[in-house]
Amino acid sequence: MPLLTAQRASDRDAASLDRLCSEASKSVPLWSHRRERFNPGAWISARTPLVVVVDGTSAIGFGVALSDNVPLGASKCAEALVYVTPANRRRGGARAAMSELLSVARTMGLWKMIAYSLADDPAARPLLDRADFRAVGTLVKHQQIDGAWRDVVLHERLVMAARKSLPSISDL
């Protein structure tokens with residue numbers, strides 16, 4: 001089975017992205033609680049860093065860097081979100097999406113990406129670690145999902161850095 005590839009999204013991907021975003025917002029626990037609904041048409045129009053994961057000619061995932069949920073509204077900073085359909089997971093699609101998303105974000109001048117994961121998510125945390133994100137803190141009992149309070153981990157990555165983000169010297 002060939003590895004999946006990721007490429008910069010364009011207008012021709014809008015319908016596929018609408019379908020994928022609808023599916024993702026229903027199936028990813030953290031995303032189903034977002035205040036803002038996903039709007040890939042607006043992302044494309046606004047030239048938001050956005051990539052689509054393809055298997056041949058079929059779109060089966062996406063990655064996007066959104067600036068609207070960044071703590072303190074930090075400029076040049078965005079939240080990374082990556083989704084691959086359940087039937088296509090464990091084939092390299094999420095890794096391809098994150099790699100291409102970081103590349104697109106770099107060319108668009110972003111300097112930092114953040115990401116959130118459930119503390120007990122067996123796929124998200126290793127993906128973020130492989131993409132050189134570092135965990136910077138845990139929000140304890142932060143999100144109620146299916147009646148249980150869950151911890152959420154905050155991750156960051158300096159986009160321009162070639163390696164994992166390190167604490168500032170003043171933090172040591």
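The values are calculated or read from the model by the stated rules, or taken from the named source; none is laboratory data. This one's a predicted model, so the numbers in the text were calculated from it and none came from an experiment. Cβ: placed from backbone, ideal geometry, glycine included. Neighbour counts: every protein chain shown. Surface accessibility is based on the protein's heavy atoms, side chains included, excluding ligands, DNA and RNA. Shrake-Rupley method; radii C 1.70, N 1.55, O 1.52, S 1.80 Å.
Annotations
- Meets criteria (part of a loop (DSSP other than H, G, I, E, B) and surrounded by 16 or more Cβ atoms within 10 Å (Cβ to Cβ)) for Leu110: yes
- Single residue of Val84, Val70, Val136 found to be over 13 Å from the mean Cα position of the chain (by Cα) and on the phi < 0 side of the Ramachandran plot: Val136
- Scan the stretch 60-71 for residues that are in contact (Cβ under 8 Å) with a residue 40 or more places away in the chain, of a type outside the set (Val, Ile, Thr) and open to solvent by 10 Å² or more (accessible area, probe 1.4 Å) and the total you get is 1.
- Of all the listed residues (Ala131, Ala123, Ala94), the sole one being surrounded by 12 or more Cβ atoms within 10 Å (Cβ to Cβ), within 13 Å of the chain's Cα centre (by Cα) and at pLDDT below 90 is Ala123.
Every residue, every condition in (1) part of a loop (DSSP other than H, G, I, E, B); (2) touching a Gly at 6+ places or on another chain (Cβ under 9 Å); (3) not basic (Lys, Arg), yes or no:
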{"residue": "Ser16", "(1), (2), (3)": "no, no, yes"}
{"residue": "Arg19", "(1), (2), (3)": "no, no, no"}
{"residue": "Ser25", "(1), (2), (3)": "no, no, yes"}
{"residue": "Ala42", "(1), (2), (3)": "no, no, yes"}
{"residue": "Arg47", "(1), (2), (3)": "yes, no, no"}
{"residue": "Gly63", "(1), (2), (3)": "no, no, yes"}
{"residue": "Val82", "(1), (2), (3)": "no, yes, yes"}
{"residue": "Arg95", "(1), (2), (3)": "no, no, no"}
{"residue": "Glu100", "(1), (2), (3)": "no, yes, yes"}
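- Failed criterion for Phe38 (all others in (1) buried (at least 16 other Cβ atoms within 10 Å of the Cβ); (2) in contact with a helix residue (DSSP H, G or I) (Cβ under 9 Å, 6 or more places away or on another chain); (3) not in a loop (DSSP other than H, G, I, E, B) hold): (3)
- Qualifying residue in the stretch 78-88 (condition: within 17 Å of Leu4 (Cα to Cα) and surrounded by fewer than 17 Cβ atoms within 10 Å (Cβ to Cβ)): yes
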